[in-house]
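See below for the structure under consideration.
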């Protein structure tokens, strides 16, 4: 909490600003994602050990417990803002896309891209998050899957 507290305060301040700018209407999905992701990336650029700690918590299966104890208000506020930004998504589809978002976020934050098939520059965390915002906003806006194996309820 010593490291995450300031990040979460900054997230909430940025989300307050996004919601104020939206003035009761649909907030920008990109701005909501930026409000959530950029404070974490700024902290990581200042202190790379923060990322290692979060990666270890995630890898050891402790993240769910930490989130339940310390991040409920943050999650509730951001989920609500994201739902307002993409109201057309059925609830189950929204939750799946949030699940994919968390995985992409953890993977992006926890290490420099090192793939044998791709040569990616080891950009700073803020640059990574800017790319991730673009990717995630496309994913949240993607059409629903029409696979008969996926049950989508409105």
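Residue count for region 3-51 under the criterion of being assigned to a helix (DSSP H, G or I), closer than 19 Å to residue 66 by Cβ and out of contact with any helix residue (DSSP H, G or I) (no Cβ under 9 Å at 6 or more places or on another chain): the result is 1. Have a look at 91, 30 and point out the one that is at pLDDT 75 or above, on the phi < 0 side of the Ramachandran plot and within 14 Å of the chain's Cα centre (by Cα). When all the criteria are applied, what remains is 30. Mind checking which pairs have a first residue in region 42-59 that is in contact (Cβ under 8 Å) with a residue 24 or more places away in the chain and a second that is not in a helix (DSSP H, G or I), Cβ under 6 Å, 6 or more apart or different chains? Pairs that qualify, where the first residue is in contact (Cβ under 8 Å) with a residue 24 or more places away in the chain and the partner is not in a helix (DSSP H, G or I), are 45/124; 50/3; 55/110.
The values are calculated or read from the model by the stated rules, or taken from the named source; none is laboratory data. These figures come from a predicted structure and were not determined experimentally. Don't worry about glycine lacking a Cβ; one is built from the backbone with ideal geometry, like all the others, and counts go over all protein chains shown.
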